[in-house]
Amino acid sequence: MTESSAGGPAVDLRPVPDSAADTGRAATEPLREDIRLLGGMLGEIIREQSGEHVFELVEDARVAAFKVRRGEIDRDEMVRMLSDIAPTDALPVIRAFTNFALLANLAEDIHRERRRAIHVRAGEPPQDSSLAATYTKLHDAGLDDGQVGDGLAHATVVPVITAHPTETRRRTVFEAQNRITELMRFRGRTELTPAEVDEVTTGLRRQIITLWQTALIRLERLRIQDEIEVGLRYYDAAFFDVIPRVNAQVRAALREQYPDAGLTDDPMLRMGSWIGGDRDGNPFVTDEIVAMATGRAAQTAVTRHLRELRTLAQELSMSARLVEVSDEVLALGGVDRGDPGTDEPYRLALRHIRARLAATAHAIFGAEFDVEADEYLLDGAPAYADATEMLADLDVLDRSLRDNHTDVLADARLLTLRESVRAFGFHLSGLDLRQNSDMHEEVVAELLAWAGVESDYLSLDEDARVRVLTEVLSSRRPLLAPGAELSELATKELGIVRAAAHAVATYGPQAVPNYVISMCQSVSDMLEPMILLKETGLFDPGVDGKDLRCTVRIVPLFETIEDLQQGATTTVAALDLPLYRALVDQQSGIQEVMLGYSDSNKDGGYLAANWALYRAELDLVEASAKAGIRLRLFHGRGGTVGRGGGPSYDAILAQPPGAVQGSLRLTEQGEIIAAKYAEPVLARRNLETLLAATIESTLLDTEGLGGDAEAAYLVLDELAALARTAYSELVHDTPGFVEYFTTSTPLSEIGALNIGSRPASRKQTEKISDLRAIPWVLSWSQSRVMLPGWYGTGAAFQRWIDGDEGRLETLRDYYRRWPFFRTVMSNMAQVMAKSDMGLARLYSQLVPDVELREKVFGMIEDEHQRTIDMYYAITETDDLLADNAALKRSVFNRFPYLEPLNLLQIELLQRFRAGDDSDVVRRGIQLTMNGLATALRNSG
């Protein structure tokens, strides 16, 4: 307990001293102080706002949780304490520990930022994953300009924002977090006067009160429209400030180090999105949604450019009486040299640019679009045809400033605006379309039948399908005529692609750059969506093979282990078709391939999936080299390790040789987006990490195996097969496993409790294969089993080693020098550190069938211990987090506060399933899901 400002006790939501505290206590004392401050304030506010009764409930739960961790009481005692809690009392307890987790996240982020600053001020070498460290590594490697120029040609790094059911935070909560972060930074970096201390303290209390009094989640189901707006909030929060500057700085640094590399002005960092374009298993994506997603993105970009132009005009106040100005600037402003009206030529030029952009906005969005109109914006200026025209006008100002030795002005807001126009254009981010191959097959069969081309496409074998599709795609003749009567599915799918075509025509080709084919298994799967693109005008085959045109890339997504194993064969077979090869050649010779981390893991388990992905990349690299095309990989990673998550820098460096080639796209999902990009400092650090890893993986040898690579690959082939067998013995071959999973986790409640816009399954089924990967992983995370992140790995290692010390030493050697193997082991250890078999056993009690419960949980528990034992043996440590001090500190500080959330979730699930479907119980379950996702930080 602590003393409140009023002199009474307040709940102390902070770490309790423990003899197991890790070394370096002095270095982490500022973190503990921050958590102490924020947690203490939260406790005071709970008591003031919700009364003594709630305060005591929270305090009793906190004390009991720490007693459980220290072994002073059995967990069963805490279970009994919470078993009789009234649902109305449970809600504020859940909210208290959720808000503590949120505040602890902020404190940890600030601490990492503080530690990095200390290293920089001390003059220490730049840390790995920073661009500064990358530049040093490139220099030390002795690379020449040609190598850098070739490696980074077409370089692009694209985080793709995707919707996720665990990211349900309200805008108010989001903004309060950012204000608390800024106040804590100010408090930590500034010598404050007593009055300033009071001001900061009051400000923090104000924001924490706001958090406490704001509902953390919505009562209604999240709509796609809401998800679109949630995704857009990150641009004003961070991306607009960070991406242009990082692009400019990385280009300048590389050009200085490699002046003859021929690096272009194209931005390396761009943004992508799936929100509103990903209709795989989501029936709520329509043509209206695609129009909204692309339209709102474009409005966000244009609004930002207009505001920056206004601010820039205020700053560039230079007088023609005092400085030289180029004729181009005068012409842009519409005045002649010597004219009295030329006194502030830069402002006149910017007024013209802003007027043209305003005219563009009116042309695109209509007269109702608010451009914060000044009178001169309505002077009849012509609209820009595209963003490159606006960039050319801005370049006129840049040249004039530099010619007159005012580079310092050119390198400020003007440079940022120019880079913004390069990176965001008039479209903001590229919206990918995605649909399942089964849907394409059904729609294309209907279109071919309607046109009289093929009456029974579905009955054709693969060769016949490819032949029919190639013939149709080689001709400009459309399949459909106006007024064609089609099924609801075909009408909807064509409507969505037509909306995409409208976006491309209106905002530019980067508005919809890719079409992703889920569950792609064949060449016909790759050709079928091209039929839809052709019918809507996005694909034009030209005449006699000439003048083929298509701005949308076809991106096969290989998801299951078998599909990954066949991915290179499928891709090569498509490239062997002259029509498809002409398409790739027309798109700069780049073939993008997406790799599915989630379904491969659900299919074969953690180790088998990771190795299947690595092997697939090796095969694709070899195949693309033979075909003479450039490969771009798109990594469909989720937040948790079971869906490809984990530290991005390590994951990228763990890619096989030749897999990155200067380009990288990856999905960013759910609570991970907020954890990485909620504000500029975080965003810059994480975006730098992606760039640094991409550059290093492209230009340096990061695999580290040398001549031992093939032997290592064969060993992993064997281990992956053993791991898949062990995983399948549980997930696919154990009778009743699906029943165990659905009843021991909150899976059914994920679908029933309005969490996210997307259904939990692609279709009504009880098969694991049809379940979406997010609820699969999220459910195991909530129940603290974390099964997708480790199961089967321990058995594989044990069976392969089989008591042979030489084989054990082989794996130890791989761990020491092979980044892929080390990353697989490290990520697995992180997951296991967050698992808790004691809590998992309590979740297993939700399974009514006692025999099934004991059998399945027994298998899980045995494999969990086996995997930990094998991890210790291979890494030669007895600490799962020996290589991750930050996570170890986080686990120590916050995990006791997860205990009440898990126990209350179990209690409320029992009541819900017993028939109590009251609003308060349903909301309580939702809140525990949100709280655990917040606390675990990568749960889905």
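Laboratory data are not the source of any read-out in this text; all were calculated from the coordinates shown. Just so it is clear, the structure is predicted and the values come from calculations on it, not from any experiment. Positions of Cβ are backbone-derived with ideal geometry, glycine not excepted, and every protein chain shown enters the neighbour counts.
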Check: region 706-883 dipole with +1 on Lys, Arg Cβ and -1 on Asp, Glu Cβ, in debye: 860 debye
Which of rounded, prolate, oblate describes region 816-940, given a ≥ b ≥ c as roots of the alpha-carbon gyration tensor eigenvalues and a/c under 1.5 marking rounded, otherwise prolate only if a/b is larger than b/c? oblate
Which of the listed residues, 612, 590, 507, is farthest toward the dipole's positive end in region 432-636, when Lys, Arg count +1 and Asp, Glu count -1 at the beta-carbon? 507
Mind putting a number on the dipole of region 432-636 about its Cα centre? Charges go on the C-beta only, +1 for Lys and Arg and -1 for Asp and Glu, and I need it in Debye to the nearest 20. 880 debye
In whole Hz, what ³J(HN,Hα) sequence does region 473-484 give by Karplus (6.51, -1.76, 1.60; θ = phi - 60°), x for Gly and Pro? 6, 7, 10, 6, 5, x, 7, 9, 10, x, x, 4
Using R₀ = 51 Å, calculate the FRET efficiency as 1/(1 + (r/R₀)^6) where r is the Cβ-Cβ separation of residue 854 and residue 462; round to 0.05. 0.65
Starting with the fewest neighbours, write out 315, 485 ranked by other beta-carbon atoms found within 10 Å of each beta-carbon. 485, 315
In order over region 189-204: 3J(HN,Hα) from phi, Karplus 6.51/-1.76/1.60, θ = phi - 60°, whole Hz, x for each Gly or Pro, gives 9, 10, 6, 8, 6, x, 5, 5, 4, 4, 5, 5, 4, 5, x, 5
Once phi for every residue in region 792-800 is put through the Karplus expression 6.51 cos²θ - 1.76 cosθ + 1.60 (θ = phi - 60°), the whole-Hz ³J(HN,Hα) values, with Gly and Pro written as x, are x, 6, x, 4, 4, 4, 5, 5, 6
When every alpha-carbon pair in region 432-636 is counted, what percent end up more than 32 Å apart? 14 percent
To the nearest 0.05, what FRET efficiency results for residue 117 and residue 486 with a Förster distance of 51 Å applied to their C-beta separation? 0.25
About its Cα centre, how strong a charge dipole does the chain have in debye, to the nearest 20, once Lys and Arg get +1 and Asp and Glu get -1 at the Cβ? 1520 debye
Sort 135, 713, 897 so the one with the fewest other Cβ atoms within 10 Å of its own Cβ comes first. 713, 135, 897
Taking residue 546 as the anchor, which lysines have their alpha carbon closer than 24 Å to its alpha carbon, excluding any fewer than eight residues away along the same chain? 534
Region 286-315 residues near the modelled residue 236 label - backbone nitrogen below 20 Å, point 7 Å along Cα→Cβ: 292-312
Can you show me the helix-derived [θ] at 222 nm for the chain, built from DSSP H runs with n ≥ 4 at -39,500 (n - 2.57) apiece and divided by the number of residues, rounded to the nearest 500. -20000 deg cm²/dmol
Just grab the label-to-label distance for residue 573 and residue 402, each label 7 Å out from Cα along the Cβ direction, in nm (one decimal). 5.1 nm
Would you please give the FRET efficiency between residue 76 and residue 714, computed as 1/(1 + (r/R0)^6) with r the Cβ-Cβ distance and R0 = 56 Å, to the nearest 0.05? 0.70
Here the net charge surrounding residue 395, from other residues whose Cβ is less than 10 Å away from its Cβ (Lys, Arg +1; Asp, Glu -1), is -2
Distance in nm between pseudo-label sites at residue 585 and residue 60 (7 Å out along the Cβ direction from Cα): 7.7 nm
Under a straight-distance cross-link criterion of Cα-Cα below 20 Å, which aspartates and glutamates are reachable from residue 137, leaving out those fewer than 8 residues away in the same chain? 124, 128, 145, 150, 256, 260, 650, 688, 696, 701, 703
Give the lysines whose C-alpha is closer than 23 Å to that of residue 888, dropping any in the same chain fewer than 8 places away, or say none. 67, 676, 834
